[in-house]
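> Below is one structure. I have some questions about it.
The values are calculated or read from the model by the stated rules, or taken from the named source; none is laboratory data. Since this is a predicted model, take the numbers as computed values, not measurements. All Cβ positions, glycine included, derive from the backbone under ideal geometry; neighbour counts span all protein chains shown. Remember, those area values only see protein heavy atoms, side chains included, never the ligands or the DNA or RNA. Shrake-Rupley method; radii C 1.70, N 1.55, O 1.52, S 1.80 Å.
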Amino acid sequence: KAVYVPDVGALPESRAEEKELLAGQGILSLLVVPMLNASKLIGFVGFDAVRAHRAFSEGEVSLLTSVADVVASGLGRREAAQEVVKAEARLAAITHHSSDLVLVADSEGIVGWASNAVRLAMAGEMRGECWWDIVCAERRSKIRDTVAGFLASNQSENASIVLPDHLVMTAHGLR
């Protein structure tokens with residue numbers, strides 16, 4: 001919710017600390033809106049009037065709220081991207097010397113990350129490709145249907161999926 005103080009000097013005694021802080025910066029009027037990311041307060045954006053008292057319009061409140069939302073969204077995306085990079089680095093470190101074929105793929109089968117063993121077995125990078133496209137054509141639809149059924153079951157932790165020909169795929173933390 002926006003905080004609007006039309007006259008810092010008129011703040012009541014119960015707000016003496018805020019009054020002193022704002023007046024000490026020469027602020028006469030103030031409009032502040034929160035920046036939220038996933039309903040968590042991450043900061044504020046505001047207008048300070050320092051030359052004269054100012055009445056802020058609903059349009060200015062709306063504009064400032066939009067700016068706060070855009071900044072918070074950008075910060076959230078940057079934080080999420082940094083977390084993905086960290087997670088991929090941890091996964092790469094864990095699987096670096098493993099012979100296990102490890103893929104991280106979305107629900108459409110598009111590979112976002114693949115272990116060294118996958119890259120060596122496939123003689124190249126699979127990022128951005130659909131992992132079941134490498135499966136022989138006669139088994140592809142059965143594997144795709146099995147995986148789709150698993151994803152639709154809303155299982156959230158570790159699970160093993162028995163694919164056709166008794167090939168076992170282990171899924172970890174899909175949700």
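> Exactly one condition in (1) in a strand (DSSP E or B); (2) open to solvent by 60 Å² or more (accessible area, probe 1.4 Å); (3) over 30 Å from V135 (Cβ atoms); (4) of a type outside the set (G, A, S) is not met by L30; state its number.
(2)
> Output the residues belonging to the stretch 100-120 that are in contact with a strand residue (DSSP E or B) (Cβ under 9 Å, 6 or more places away or on another chain), of a type in the set (D, E) and touching a residue at least 12 places away in the same chain (Cβ under 8 Å).
Residue satisfying the conditions is E108 alone.
> Restricting the first residue to the stretch 71-99 and requiring it to be farther than 16 Å from M35 by Cα, which pairs with a second residue that is aromatic (F, W, Y) and open to solvent by less than 60 Å² (accessible area, probe 1.4 Å) meet a Cβ separation below 6 Å and a spacing of at least six or different chains?
Partner pairs satisfying both residue conditions: E88/W113.
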